[in-house]
């Protein structure tokens, strides 16, 4: 086990081009489970592959256990990686697949067998040790890939979207299994995903990347409650946070023709005459529009209702400005229908304000 | 009344209407090709069997007479025939295996990125595009010739430029020319295999601690197995019939030192005019080839069936 440090680590594919990973700084503690998350092309996989030694570190350093990894080949880094498509050796049996890293390190046959057996026991693969990967289901292949990583007892686990090829149900169960196993083994883990649910549920801390740059590196709760900028706010949370860039008025902000009053201490943070306001879907209070608008509310018309059982999502547009869409999360079976008039009021003081130019949190 | 009540309990597959007639309409356009194939391959074979039972010398008209299996007895007691059969095996196996090893080596080199890769690849493929007769002539005169040959020219500074390569090593010389022509074919096949290899498996092997040689032995070579098998079988099918290179370079000589079966049969039929004898040889070779190629084809199909998942 070891800590992992990205120190201004950068990767440029072609000279002069925009870096795929741009001066990334991360300090990952020993035994920590860190998730790299971001949209496609954000550089999260590249960052992981730099740590694995599959991509060059063009600038800066990556240190594992204090040792600088620049120029160190993969096989000398003492890491194990789980690939998105599992990357099992098709011509080897499950047992030989799992024993391969041990064999490459010159571990004797008896110890190999013992360790493979132990790992297969944990993963429920004992009955499949003599099969070829072709004869396994997706979930089983995924577990073989995990097993191949576990037998190594490496310093760091690297996982590159290991769940994205599983069906939805399998993904949920494997998600918890991986998280539980990581806690038990206590091995430092870096996990890449584009799925924010995986990021929020699995990681001790989550690093959100966009365009090769680190946006925020925080615990899942802080990422949700205190997004560092408008991008993080929009990326984390499903449905996404409502973000409006609005003119500032005397007592709050103007949204459409109505005025949204803001608490004084929130308002004091605004400097310019416009501001980006973020309100999560669950931070809206909904009133029926027929009962007369309450002061400070926003009138809207429902376009679509997504009923999920426990909750319902209302997708609406503002009465005054049909271009502005609003998402509202309400209790399930609220009876709202398409075309209903509703009045929305923010229920929480925890509103998010961002600078409209830079996107930074105010 | 519900619809389900009217249906039989068991579900049977629906028969396509008039499958038989449709089938024949579809097959009919192929018939001319089938008939043509029978005329040009099966009828000559039947004639050959008929000739093989005759004693018939082309230069003595009216000499044909039925001799039963006499020709076959002569084939099996002919030590030259056995020697030529050994030549055929050595030439085919040697050329195929050497060109496969070289082709694999070139493919591994071409599988990496470097400047001018496309140009180098084209150059390496070129020998395969040259007419076999021209290639043989090229080796015989430009390279192997004792007086003008480039090989002796290059070797002369080292004091070893006097060898008449084709006279001294006739079978090896022919094999060298064949290897030169067939290496690109093997290279293309194995290169296709290398490029169809998933990158993440190679990366996984690197992370798992394998060095370059271990990756080749443990991951790449097993992946290439079916490409190599295919190359060997296809190469053997073509090279067992080699005629042009031998005809151009050595005429099978000295004696029959560099003759293979097709060339020896040609010699016996059209230079020795012994139709009965050469027909019997042809029949023996065809039967032997069928036996060998049955195993070879089985190998091909097996390697196609065990596709990896």
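The values are calculated or read from the model by the stated rules, or taken from the named source; none is laboratory data. Everything quoted here is computed from the prediction, not taken from an experiment. Heads up, the Cβs are rebuilt from the backbone with ideal geometry, glycines too, and the neighbour counts pull from every protein chain shown.
Can you find a residue that is more than 12 Å from chain B (Cβ to nearest Cβ), touching a residue at least 40 places away in the same chain (Cβ under 8 Å), under 21 Å from residue A:65 (Cα atoms) and surrounded by fewer than 24 Cβ atoms within 10 Å (Cβ to Cβ) anywhere in region A:154-163? Yes: one or more hits. Just to be sure, is residue B:269 within 14 Å of another protein chain (Cβ to nearest Cβ) and over 17 Å from the mean Cα position of the chain (by Cα)? So residue B:269 fails the test. Highlighted here are the helices (runs of 4 or more DSSP H) found entirely within region B:112-168 that include at least 3 residues which are over 15 Å from residue B:245 (Cα atoms) and in contact with a helix residue (DSSP H, G or I) (Cβ under 7 Å, 6 or more places away or on another chain): B:117-129.
Residue-by-condition table, conditions (1) closer than 30 Å to residue A:217 by Cα; (2) in the same structural domain as residue A:37 (by TED's automatic domain parsing); (3) touching a residue at least 60 places away in the same chain (Cβ under 8 Å); (4) assigned to a strand (DSSP E or B):
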position	(1), (2), (3), (4)
A:260	no, no, yes, yes
A:270	yes, no, yes, no
A:285	no, no, yes, yes
A:306	no, no, no, yes
A:336	no, no, no, no
A:339	no, no, no, no
A:343	no, no, no, yes
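Of all residues in region A:89-99, those satisfying the criterion of being over 29 Å from the mean Cα position of the chain (by Cα) and assigned to a helix (DSSP H, G or I) are A:94, A:95, A:96, A:97, A:99. The residue that is farthest from residue B:214 (Cα to Cα), counting only those in region A:105-114 that are assigned to a helix (DSSP H, G or I) and more than 14 Å from chain B (Cβ to nearest Cβ), is A:114.
For region B:221-266, the tally of residues that are within 14 Å of chain A (Cβ to nearest Cβ) and in contact (Cβ under 8 Å) with a residue 40 or more places away in the chain stands at 6. Within region A:16-51, the set of residues being part of a strand (DSSP E or B) and in contact (Cβ under 8 Å) with a residue 40 or more places away in the chain comprises A:21, A:22, A:23, A:24, A:25, A:26, A:28, A:33, A:34, A:35, A:36, A:37.
Taking residue A:151, is it under 24 Å from residue B:223 (Cβ atoms), within 25 Å of the chain's Cα centre (by Cα) and in contact (Cβ under 8 Å) with a residue 40 or more places away in the chain? So residue A:151 fails the test.
Checked against the criterion of being within 29 Å of the chain's Cα centre (by Cα) and more than 13 Å from chain B (Cβ to nearest Cβ), the candidates A:19, A:73 yield just one match: A:19. Against the test of being modelled with pLDDT of 90 or more and more than 13 Å from chain B (Cβ to nearest Cβ), the options A:96, A:59 yield a single qualifying residue, A:59. Taking the conditions exactly as written (part of a helix (DSSP H, G or I), more than 29 Å from residue A:66 (Cβ to Cβ) and without any contact (Cβ under 8 Å) to a residue 12 or more places away in the chain), does residue A:169 satisfy them or not? Judged against the criteria, residue A:169 is a match.
Residues that are surrounded by fewer than 23 Cβ atoms within 10 Å (Cβ to Cβ) and within 14 Å of chain A (Cβ to nearest Cβ) within region B:174-204 comprise B:193, B:196, B:197, B:198, B:199, B:200, B:201, B:202, B:203, listed in sequence order.
The helices (runs of 4 or more DSSP H) falling completely within region B:18-74 that include 1 or more residues that are out of contact with any helix residue (DSSP H, G or I) (no Cβ under 7 Å at 6 or more places or on another chain) and within 21 Å of residue B:288 (Cα to Cα) map to B:43-52.
Answer with yes or no whether residue B:171 is within 30 Å of residue A:48 (Cβ to Cβ), surrounded by fewer than 22 Cβ atoms within 10 Å (Cβ to Cβ) and touching a helix residue (DSSP H, G or I) at 6+ places or on another chain (Cβ under 8 Å). No; evaluated as a whole, the condition is false for this residue. If the condition is being surrounded by fewer than 22 Cβ atoms within 10 Å (Cβ to Cβ) and either farther than 17 Å from residue B:283 by Cα or in contact with a strand residue (DSSP E or B) (Cβ under 9 Å, 6 or more places away or on another chain) (or both), then region B:251-267 contributes B:251, B:253, B:254, B:255, B:256, B:257. Filtering A:124, A:138 for residues that are farther than 17 Å from residue A:4 by Cα, more than 14 Å from chain B (Cβ to nearest Cβ), at pLDDT below 90 and surrounded by fewer than 18 Cβ atoms within 10 Å (Cβ to Cβ) leaves a single hit, A:124. Checked against (1) without any contact (Cβ under 8 Å) to a residue 60 or more places away in the chain; (2) within 14 Å of chain B (Cβ to nearest Cβ); (3) touching a strand residue (DSSP E or B) at 6+ places or on another chain (Cβ under 9 Å); (4) not in a loop (DSSP other than H, G, I, E, B), residue A:102 passes all but condition (3). Taking the listed residues A:13, A:86, the one that is within 28 Å of the chain's Cα centre (by Cα) and in contact (Cβ under 8 Å) with a residue 40 or more places away in the chain is A:86, with no other qualifying.
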